[in-house]
């Protein structure tokens, strides 16, 4: 098979010559680019908040925003499925960062709330969380950041 040089994005890559249209180039696919951007963001996150996972921080931050809420609602608000939010809450409970109890009006529902330790932790990390967002978006101008976030929301 013969190869030709072809530019994909900003990188020059070897692509096999094709008798059909343009060959599939992974580096130009949206999923690949989003995964690379996510990896960069997660690296920045772990440098600034090393003792929580992003999903744990999301749960704590949302509880800080909403106050006590059902575990199911917390999962919806943080874009986590039922099994994931249950695991996150179980791990946060073991660290005494949240408490949970049956809803008095519906014993099947679990109400989750921040513990005093969890409240202190999440409030202590708010500035770091804002810096994580700023660092993640730093390569973009202010106008590009606004446009980028608007476009991402359209994809959700």
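The values are calculated or read from the model by the stated rules, or taken from the named source; none is laboratory data. The structure displayed is predicted, hence computed values, not measured ones. Heads up, the Cβs are rebuilt from the backbone with ideal geometry, glycines too, and the neighbour counts pull from every protein chain shown.
Check off (1) at positive phi; (2) touching a helix residue (DSSP H, G or I) at 6+ places or on another chain (Cβ under 9 Å) for residue 33 and give me the number that stays unchecked.
(1)
On the given criteria, is residue 140 in contact with a helix residue (DSSP H, G or I) (Cβ under 7 Å, 6 or more places away or on another chain), surrounded by 11 or more Cβ atoms within 10 Å (Cβ to Cβ) and part of a loop (DSSP other than H, G, I, E, B)?
yes
Output the qualifying pairs, or none if there are none: Cβ atoms under 8 angstrom, residues six or more apart or on different chains, first residue in region 140-155 and without any contact (Cβ under 8 Å) to a residue 12 or more places away in the chain, second residue in a helix (DSSP H, G or I) and exposed (fewer than 11 other Cβ atoms within 10 Å of the Cβ).
none
Take residue 46 and decide whether it is at pLDDT below 95 and not in a loop (DSSP other than H, G, I, E, B).
Details: at pLDDT below 95: no; not in a loop (DSSP other than H, G, I, E, B): yes.
Against the criterion (at pLDDT below 95 and not in a loop (DSSP other than H, G, I, E, B)), residue 46 does not qualify.
Residue-by-condition table, conditions (1) over 19 Å from residue 136 (Cβ atoms); (2) in a loop (DSSP other than H, G, I, E, B); (3) modelled with pLDDT under 60:
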position	(1), (2), (3)
4	yes, no, yes
7	yes, no, yes
22	yes, yes, no
34	no, no, no
40	no, no, no
